[in-house]
Structures are given as C-alpha cells and as structure tokens.
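The values are calculated or read from the model by the stated rules, or taken from the named source; none is laboratory data. This one's a predicted model, so the numbers in the text were calculated from it and none came from an experiment. Cβ sites come from the backbone with ideal geometry, for glycine too, and all protein chains shown count toward neighbours. Keep in mind that these areas ignore ligands, DNA and RNA; they rest on the heavy atoms of the full protein, side chains included. Shrake-Rupley method; radii C 1.70, N 1.55, O 1.52, S 1.80 Å.
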Amino acid sequence: MTSAVQVSSEPVPHYAQIAVPVHLSKTFTYRLPPAIQRAARVGSRVMVQLGTKPVTGYIVALLPRLRSGTSLIESEIKDVQELLDVDPPLTPDVLEITRWVADYYAAPWGEVMRAALPAGINTTVEQMVSITSRGREELTLVERGGEAKVSTRALRVLADEGESEVGAFSLRMGATKTPKWLRGLETEGLIERSYRTRSTATSAKRRRAVRLVDPELADSLATDTRVTKAQQRAIDVLRANQNGMSVSELIKASNVSESVVRTLAKRGAVEEFQEKVRRDPLSQAELPDAETFTLTNAQIEALREVEERLRAKGFSPMLLHGVTGSGKTEIYVRAMRAALEMNRGAMMLVPEIALTPILSRRLRAHFGDQIAIFHSSLSKGERFDEWSRLRRGEARVVLGTRSAVFAPVEDLGVIIIDEEQDASYRQEESPFYHARDTAIVRAQKQSAVVILGSATPSLESFHNAQAGKYQYLHLPERVANRPMARAEMIDMREVFARRKKPAVFSDELLREIEHTHARGEQSIILLNRRGYSSFILCRSCGESINCPNCDVTLTYHQSDRTLVCHYCNHHQRAPSQCPACGSKYIYYVGEGTEQIEEMLRKRFPALRIGRIDRDTKSRRHQFEKTLLDFGKGELDLLVGTQMLAKGHDFPNVTLVGVVSVDAGLALPDFRAAERAFQLITQVAGRAGRGELPGRVLIQTYHPHHYALRHACAQDYRGFYDEEIRHRRNHGYPPFVALALLLVRHKDATRAIAIGQQLRNALVEANRDHACRVLGPAPAPFARLRGEHRVQLLIKSRSRKHMRAVIDAAMKALEKDGCDLRSVTLEIDPVSMM
C-alpha cells in the first residue's frame, strides 16, 4: 500500500506585484528569491529597490510566472531584498478598501496602504554618508595646506566618526538641507552615499516577569530553614497572583529586593521570562458607570430600524438626523452592542480628538477590553498595541478619528460616522480621501450597516436621504422633552454705535456670563480663531509681519511670545520694535482664543476658566484633563474653537456665547454658509442639555444673513431649502461632481505656465464638453510652504466623464515631459482654499 504525499495545489509564486508609497499610481514587478517564495503573502511588506534607493513596498499580487504580453525583460527585473512580514499586516478587507481609495481618489496605492497602518510600524530607509579612501587621502593633503573650509571640516568629522545620516550630518555642519558642497564632495568621489534600513520603530512592549515553576517545590521550600522570610513573602505573593507576575510588581508587592528573586530563580522555585505588556491608553482613566437610559419613542423606532437591517446582514446606509441632545449616542452604543451579539465587529468614527476623552471612557465602560482606541494623540506604542489587538481579533470595536476607517476589524457589522458633515473627515494631504465616503464603501463591500449621524447633515447626505439613497431616521426632539436652547443674535453694529469703538464682548454677553456663574451654572465661549492676535502691525509705517514661506500674516501667541504660521508651522520670536522702520509702536490686531481667555480672566477673576484649541490639543493629557474637569464642574467657563462645538455633553452648561462667525461667512468657498450654519447650530446644542434651560448669544455684524437666521431658529430644513437652491442655480454639489487641480511650484512663472498647459490638455480631452473647466487662477492662498499655487476647478454632471477627461489630460501632460509631482488632484474637494 503506497502512502499519498500531500502537495499544495497552489503554484509557488516567483514574482510579486509591489505598490510603493511614492507619487506613482502604477505597481511594479519584482522577482521573489527562492528563500521567501513560500513565505510571501499578499498584504505583506517587503524591502525593494526603486531606482537606486531601497523603499518599503506592499505585495498586492503574487505571480507564478510573468503575465503573457508583458513588456518586461527577465534580466531587468530586480529581486525583492527582504520580506518584512510573515503574517501580513494588511488584511484582505483593508487591502480591498485601500485599492478603492487609490482608484476613486487617484491616489498612489502604496501611499494609501502606508496611511492604513499605524505610525511606527512602517520600516524606513535612512540615507547615509561616509568618507572614501580617496577622501582620506584628500583630507591629509588639504590639512597640510592649512585650509579651514567647511568641506574640510566635514571630511574630518566623517573620518573620525564613521558614517552618518545625511540629514543629521547636514544640520551638524550648519545646513538645514543637503548643501551644495556635500554634493560636490560626492561628485569628486571623496564621500559616498548608501542606504540603511532602519528597524521598525514600534513593536510589542515586553517586561521581565517570573512564575512559580512547581507549586509543590514551593511548598517544600516553605519547611526549608534556608528559606528567608523575604523569599517566603515573594512565594506567597506569587501564589496569590495566579503563580506569576512582573518582577517590578513582585518586588513592590512583597517588599523584597531583586536579589531575593534571583536567589529563588537559582534554586529552581521560579523561572524568569519576557511577557508582553499592553500599552492601554485608558489604563489610568476613571471610568463612568455603564448607564442604561430609557429611550424616547423616536429612539425606539430608529433603533428598531437599525437592528432590523443588522439582522438582514446586507449593506444598508442610514442617515440619523437628530437635533442636538436627542440621544444619538445611545443609538450608537446599542447598535454596536447588537452587532457584537451577532458576533460581528463595529466601528465608530468621530471627527475630532476632542470628542474621544469622554466618549472613549463611556464606551470602555460598556464594552470593556473589546474596544480599541485610535487617534493621533496616542503614543506610537499605544497605537501599535490597539491596532494589534484588532488584528488578532481580541478587540471587536474601534473608536477613532479619520484613519480608523482602515482599522482591521473582523467581520464588520456596523459602521457609525458621528458628525458626518465635519470637514475633518477629509485628509488634506496625499493620499487625499474622505473617511465618511470611504466608510460607506467599506460597509458596502462588507455587507454592513452604516449610520451617518448629525444634527446638521451635509447637504449631500441629506439630499441622498431625500432621493432615497439613504434610509432617513429622524430624532426631532431632545430626550426627556427638554427644550432647545433659546438662540439670539446681538447686532454688533448697534454695540459699535453705542460705544463709538469696536468691542470684543457686548454688554449683554458679559452680563449673562456673570448671571450664569451666580446661578452655579457653566458657560462656553466660542471663537474659531486660535492664538492671541491675528497679526501685528506697526502704527508708524504700516508694516505687518508675513510668513517667509506663505502669503499669510503670522499669528501672535503670547504664551511663548512667538509669531506662528498656522499653515507651514514657521516660528519666530515676536519683535519688540518694527523690523522695517525700528518703531516701538507695535499694535496687535484681532483676537484669538488666547486673548479671549486673558480678557475674561481679568473681567471675572473669580471664575475658573479653561481653554480648548489646537494649541492645547498638542498637550494630550492637559487637553483631556481640561475637558474632564469641565465635565465634572471643576471649571466654570470654557473658551475654545470649533473643537468645542460638536458632540460634547455637559449637562450644567446653560450659556453659549459666540464671539464672532463673520470671518467664516466671507471665505471664498461655496460651503461657507453651510459651515457657518453648522457651527452655530452645533455650538448652540451644547447649552441646556441638562434639567436647566439654555441660552445662546451670537455676536455678528451680519444679523440678516440666512445662515445665521436659520441657525438661530434651529431650522435645518429651512436652511437646506434655501442653500440647495443656490447650489442648483450655480452648479455645485450635490448636483455636479467636482475636482480640484492644484499646481505647486517654487517659481511663480513656472506654476502659471504649467497651469495653462494643464488647461489646454483638459480642453483638448473635453471634446464632448462633458465638463466645465474653470481656471487656471491663483489659489486663495497663492503661496504656501514656499510654493506658488495655481488652481483649476472641473465641474461635470457625469463623474465617469470627468475622470476620463482628467486622466487623459494628465497622460498628455506626462507625455509632454511635465513633472506631475507639481500637480495635485483632489476628487470631491471639501475646501476650495
């Protein structure tokens, strides 16, 4: 009888299609060396050489042989240098959604896959520089001649210290970027460059631990006269902790020294090992009780529809339109619980990190360790550990900001996008994508329910609900029949007429802050502009200080007396006199949240005041503490930007004051009115969420603007009807598809020339006139980060035709020798700035 040998029916792959994170949309074919052919998996990372430089790539296909008809020449195909993963970090579901993002948004697939993985997991390549033997000979000659040039000093450093990373070496030599003399040394053969793979920055954290080897041996040691009291205490503590614990915890709990643990190990009572340690972002958090609320009739009906769709196990997009305070979060929690009960995963996206401190604690109280937290304020280690728990299936629910849409959640049953209208869901740098729309497509691919929640839905989402594309769920009233906050506008023109000078605060707002505090209630003051002053101005010569890299003035931050560009992050010290004329008459123009906080502290010294904006957000723990303290009533007033407007539930807040929204209304963007309406409605919804009625005071010089009028009346439908009419008449979404082509170049003349060349290519490709091409024209910010910017806007009623025209134009541009790295394409842009 012969034995059958099991042979895999899968052919051994000899080649791999690799996507690399560079500004190229195509993939590349590499040869798999025999040693890694069987271990290679789709979704794994590899090191490959692209040109002369090694880069991290991602396997997207494995091939047993070269495809027929390929133009590749076998001898020119490069080998994969290294396989970085045996277990692919990119699951099939995540790989599929990254492919869709790359196709739909015309983004490089490799860049999308890199964005889908947690920061720190991606292997990086360092460029190194070292001295050659010829360089050593040259160094000896020039030092004899007594030359003291910087290039000589550089050669001496390399000769003494060996190879160095190029960026760090350039900085050490006093250059912020690679200097010309360094390139000259390379051309002369005195130095050489090489590349080195830097190991993954983040991995599982481990710590020393011990465990009892044999409990019976430990018992026998108890009668051994050589066992000290300290050793016996250590054994007893280990027994009480399931026979094992970390060395540091054992030493602390049993009050012994490390030598005691070493002695027990030598005697064979315990053994030492390395255990994984979870870096839990909520390890020190104080969790609330997992409350269960009584649902309103509208909530019961909405939840019934959601659960019915979940049981159907098919794709179902739903718009949950609920006024502020109507209990949308309770629907979210119960929908996620229903998905878990069906043994499916859940995902909840929020637009701002500001929403995660309180919400993450609430969800942890409900779901325990089944929930993972994703946002950019976590350390790289915390993000890696949370991602790893999802990847292993230990966590089935994820809460996070935009990039959490790529989280490796197993068998997604429900995806929730809270505040779905928020512009923060749009990634404003390559790879461009919108997390809301990506989540909808991911739900479609995984047959999941997707819930778009908002008190002020985007016009596109509400239009889709009206057209029947989304199921419409409405929560028209607040829970417990609480009334909506009473909103009023304060006409700042009248305030100016009374005071005969501009005022930051009206008398009505100041009075109401005082009365609110006297009643033991809390206030929120909103100004959507951070910093201390918008810019500084010389009263003698009229000079203002602009950013050297951008066409914007620098914002003054008083906390560290610096001028900051909020676009390129340029910092410089604030001058004590005018840099143009030397005058000491420096005038600070405009107010930011820093100055508002200072003014209120001076006016109300008894009030405990905090501030929330992007400057405080950078200090994660202080930022979270401020929000939590306000929630506990340990602060009386909170000053902030739009980060305060959405999603927060502070029951004791009865007053919201809006210092100004006029600047937002004047922006050259067709969504300006919609954003102003949403901001006012959302921030008004922070007042009166408890038992006490709320009041909202909005200061404006434009009290008759329709966006403010409808926001004060809390009339979403009235605003929608008026705004949708403007969109239809002027040809803007949701009635047309939009694409924004941005040309960036350090030379203004060259940027304009490329813009005109691009227009010509678009017009040539648009022969059937399916698209309307607007531009080229200078962008609203004509120069940012040292680059001049020219933009073109493409409109079309057919998305398919629009993409065909753009793709044909870009190919023609590339054929003409244009460097496409200077052209950025945004599909469905959110901002026109």
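Taking the listed residues GLN682, GLN714, the one that is in a helix (DSSP H, G or I) and either free of Cβ contacts under 8 Å to residues at least 12 places away in the same chain or not basic (Lys, Arg) (or both) is GLN682, with no other qualifying. Name the residues in the range 578-603 that are touching a residue at least 40 places away in the same chain (Cβ under 8 Å), within 25 Å of GLY631 (Cβ to Cβ) and open to solvent by 20 Å² or more (accessible area, probe 1.4 Å), would you? Passing the criteria: GLU597, GLU598, MET599, ARG603.
Taken over the range 495-508, residues that are open to solvent by 10 Å² or more (accessible area, probe 1.4 Å) and within 39 Å of the chain's Cα centre (by Cα) amount to 5. Candidates LEU185, LEU158: the one that is free of Cβ contacts under 8 Å to residues at least 40 places away in the same chain, within 19 Å of GLN127 (Cα to Cα), of a type outside the set (Val, Ile, Thr) and part of a helix (DSSP H, G or I) is LEU158. Screening the range 554-573 for residues that are outside any strand (DSSP E or B) and open to solvent by less than 60 Å² (accessible area, probe 1.4 Å) and picking the one that is farthest from GLN595 (Cα to Cα) gives CYS568.
Within the range 242-271, being within 46 Å of the chain's Cα centre (by Cα), touching a residue at least 12 places away in the same chain (Cβ under 8 Å) and surrounded by 14 or more Cβ atoms within 10 Å (Cβ to Cβ) holds for ASN243, GLY244, MET245, SER246, VAL247, LEU250, ALA253, SER254, VAL256, VAL261, VAL270, GLU271.
So for the range 509-520 (the condition being open to solvent by less than 30 Å² (accessible area, probe 1.4 Å), among the small types (Gly, Ala, Ser) and on the phi < 0 side of the Ramachandran plot), does at least one residue qualify? Scanning the range 509-520, I find no residue that is open to solvent by less than 30 Å² (accessible area, probe 1.4 Å), among the small types (Gly, Ala, Ser) and on the phi < 0 side of the Ramachandran plot, so the answer is no. So for the range 704-711 (the condition being at pLDDT 85 or above, within 26 Å of the chain's Cα centre (by Cα) and open to solvent by less than 10 Å² (accessible area, probe 1.4 Å)), does at least one residue qualify? No, every residue in the range 704-711 fails to be at pLDDT 85 or above, within 26 Å of the chain's Cα centre (by Cα) and open to solvent by less than 10 Å² (accessible area, probe 1.4 Å).
Among the residues of the range 437-466, those identified as open to solvent by 10 Å² or more (accessible area, probe 1.4 Å), out of contact with any Pro (no Cβ under 9 Å at 6 or more places or on another chain) and not in a loop (DSSP other than H, G, I, E, B) are ASP437, VAL441, LYS445, GLN466.
Results for (1) open to solvent by less than 40 Å² (accessible area, probe 1.4 Å); (2) in contact with a Pro (Cβ under 6 Å, 6 or more places away or on another chain); (3) more than 30 Å from VAL80 (Cα to Cα); (4) at pLDDT 85 or above, shown as yes or no for each residue.
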site: GLU138; (1), (2), (3), (4): no, no, yes, yes
site: GLY174; (1), (2), (3), (4): no, no, yes, no
site: LYS177; (1), (2), (3), (4): no, no, yes, no
site: GLU192; (1), (2), (3), (4): no, no, no, yes
site: TYR195; (1), (2), (3), (4): no, yes, no, no
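One residue alone among VAL237, VAL247, VAL227, VAL260 is modelled with pLDDT of 85 or more, touching a helix residue (DSSP H, G or I) at 6+ places or on another chain (Cβ under 7 Å) and more than 15 Å from ALA209 (Cβ to Cβ), and that residue is VAL260. Within the range 691-709, residues that are within 17 Å of LEU509 (Cα to Cα) and part of a strand (DSSP E or B) reach partners that are open to solvent by less than 50 Å² (accessible area, probe 1.4 Å) and among the polar types (S, T, N, Q) with beta carbons closer than 7 Å, at six or more positions or on different chains, in the pairs ARG695/THR654; GLN699/SER506; GLN699/SER660; THR700/SER660. Once the range 680-695 is narrowed to residues that are in contact with a strand residue (DSSP E or B) (Cβ under 8 Å, 6 or more places away or on another chain) and open to solvent by 20 Å² or more (accessible area, probe 1.4 Å), the residue that is nearest to ARG519 (Cα to Cα) is LEU692.
Of the residues VAL12, VAL112, VAL86, the single one that is among the hydrophobic types (A, V, I, L, M, F, W, C) and outside any loop (DSSP other than H, G, I, E, B) is VAL112. Pairs meeting the criteria (first residue in the range 667-679 and in a loop (DSSP other than H, G, I, E, B), second residue of a type in the set (Ser, Thr, Tyr) and surrounded by fewer than 22 Cβ atoms within 10 Å (Cβ to Cβ), beta carbons under 6 Å, at least 6 apart or on different chains) are PHE670/TYR732.
Being within 27 Å of the chain's Cα centre (by Cα) and either under 22 Å from ILE536 (Cα atoms) or of a type in the set (A, V, I, L, M) (or both) is true of LEU628. Summed over the range 421-432, residues that are within 14 Å of the chain's Cα centre (by Cα), in a loop (DSSP other than H, G, I, E, B) and within 23 Å of LEU679 (Cα to Cα) total 3. Against the definition (in contact with a strand residue (DSSP E or B) (Cβ under 6 Å, 6 or more places away or on another chain), over 20 Å from MET318 (Cα atoms) and in contact (Cβ under 8 Å) with a residue 12 or more places away in the chain), how does PHE384 come out, yes or no? Here the answer is no, as PHE384 does not meet what is asked. Which one is farthest from ARG803 (Cα to Cα) among residues in the range 61-83 that are without any contact (Cβ under 8 Å) to a residue 40 or more places away in the chain and not in a loop (DSSP other than H, G, I, E, B)? The selected residue is SER75.
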